[in-house]
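Read-outs: derived from the displayed coordinates by stated rules, not from any lab. Keep in mind it's a predicted model, so treat the numbers as computed, not measured. Methodologically, a virtual Cβ is constructed for each residue, glycine included, from the backbone with ideal geometry; neighbour enumeration extends over all protein chains shown.
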Amino acid sequence: MADEKLKLEDLLDGVQRIDEDGRIDTVAIIGAGVMGQGIAQTISAAGLDVILVEQDPEHLKMAQDSLKCSMDREVARWAMTSSEVKSILSRIKWATDFKEIPNCDLIIEAVDENFDLKVKIFKELDKIAKQGTIIISNTSTLSLTKISGTLLRSDHIIGMHFLNPVPKVPLVELVRGLHTSDKTVEKMKTFAQRIGKTAVEVYEYPGFVTTRAIVPLLNEAMHILLEGVATAKDIDTAMRLGYNFNVGPLEMADSMGLDEVLAWMESLWATLGEPRYRPCPILRKLVRERKLGKKTGEGFFKYDTNGKIIY
């Protein structure tokens, strides 16, 4: 009897380990903006099922059209095939509510860089997600510890800062909050590798590595333009050819979305108080005019429907 009891306990322990360390097959993404779309495409391309959630049918339809259009441009460039596009889209399910999220193995929050909004979403996810589910934030500047401070599963909260364009950038910053467990970190390292990303582990600090390093460069390029030292085209040409950049800093900012860049700068300026993060006036002006970069067709440059600069 003792042997049978021992075997039963071993079996139950094995089942528990399988449940805790089981594969991630279905991922929910909250927020179908540019980043959410890119994350969904990347995860789906790795063979996982994705549920992409947006706030209402109108924004959901815009996101569907935007993702399809983006991949169609890649097909036109021979960077993807029509079969790959069809396969990726077949694994993405679109939704406007959280009703299917409890069945997901992993949840990624990818909404705007708004602290109160992220906290509200995390509190709701904490209530409905199944036990053991890891909840990720794609925040680039906000405190993960503060966002997850009141949650029951704070050890299962981690940051994964993807860079835009997500399908093409092979890096992800893995952000450890104050209460993030080692096990959660290791599982997310494995997940990052599975979706084709190299994970760089960073400790929570405003801007982490990539945002904190790139923002001063973007800001300085904007000041050079504002001061009339050179044209936007010549600033970007100088940086591309002089320092072997793939794109210049002003086109890079346009690709990121000028409203997002402004939000990063304001957050870093408020938390660190250093002048190099204070947003350039020309950036504020463009955002006020809703010239947000490639996603609106105009920012520091004008763009055609394929996202190419019109000189």
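In the range 206-311, which GluC sites (Glu not before Pro) are in a loop and have at most 12 other Cβ atoms within 10 Å, using DSSP for the loop call? Could the numbers behind the result be given before it?
Numbers: sites: 220, 227, 251, 260, 266, 289, 298; in loops: 227, 289.
Answer by residue number: 227, 289.
From the coordinates of this entry, Cα extents along the principal axes in Å is computed, and it appears in (1) 63, 41, 39; (2) 86, 47, 37; (3) 51, 43, 38 under the label (2). Highest mobility in the GNM of the chain, judged by mean-square fluctuation with C-alpha springs under 10 Å and restricted to 133, 81, 26, is found for 81. In loop segments of the range 78-124 as defined by DSSP, the chymotrypsin sites (Phe, Trp or Tyr not before Pro) with at most 16 further C-beta atoms inside 10 Å of their C-beta are 78. The fraction of all Cα pairs in the range 52-102 landing in successive 10 Å bins from 0 to the largest distance is 24, 45, 25, 6, given as whole percents. Across the range 213-300, the relative contact order, built from alpha-carbon pairs under 8 Å that are at least six residues apart, equals 31 percent.
In the elastic network of the chain, a GNM with C-alpha springs shorter than 10 Å, the most mobile of 54, 113, 100 is 100. Here the range 213-300 is treated as a sphere whose radius is the Kirkwood value from Cα pairs; by Stokes-Einstein at 4 °C and 1.567 mPa s it diffuses with a coefficient of 100 µm²/s. For a straight C-alpha distance cut-off of 24 angstrom, the lysines reachable from residue 130 (same-chain residues fewer than eight places away being disregarded) are 93, 99, 118, 120, 146, 183, 187, 189. Count neighbours as other Cβ atoms within 10 Å of each site's Cβ, and list the trypsin sites (Lys or Arg not before Pro) in the range 226-311 that are DSSP loop with at most 14 such neighbours. In loop regions of the range 226-311 (DSSP not H, G, I, E or B), the sparsely surrounded trypsin sites (Lys or Arg not before Pro) are 290, 308.
Remark: relative contact order (the chain) = 12 percent; criterion is Cα-Cα distance under 8 angstrom and separation of 6 or more residues.
Helix check for the chain. Which DSSP H runs span at least 27 Å along their own axis by Cα, with a mean Kyte-Doolittle hydropathy no less than -1.0? Correct list, ordered by number: 2-21, 57-76. Computed from label points 7 Å out along Cα-Cβ, the spacing between residue 310 and residue 213 is 3.6 nm.
For residue 52, nonlocal amide neighbours, meaning residues 5 or more places apart or on other chains whose placed amide H falls under 5 Å from its own, are 29, 93, 94, 95.
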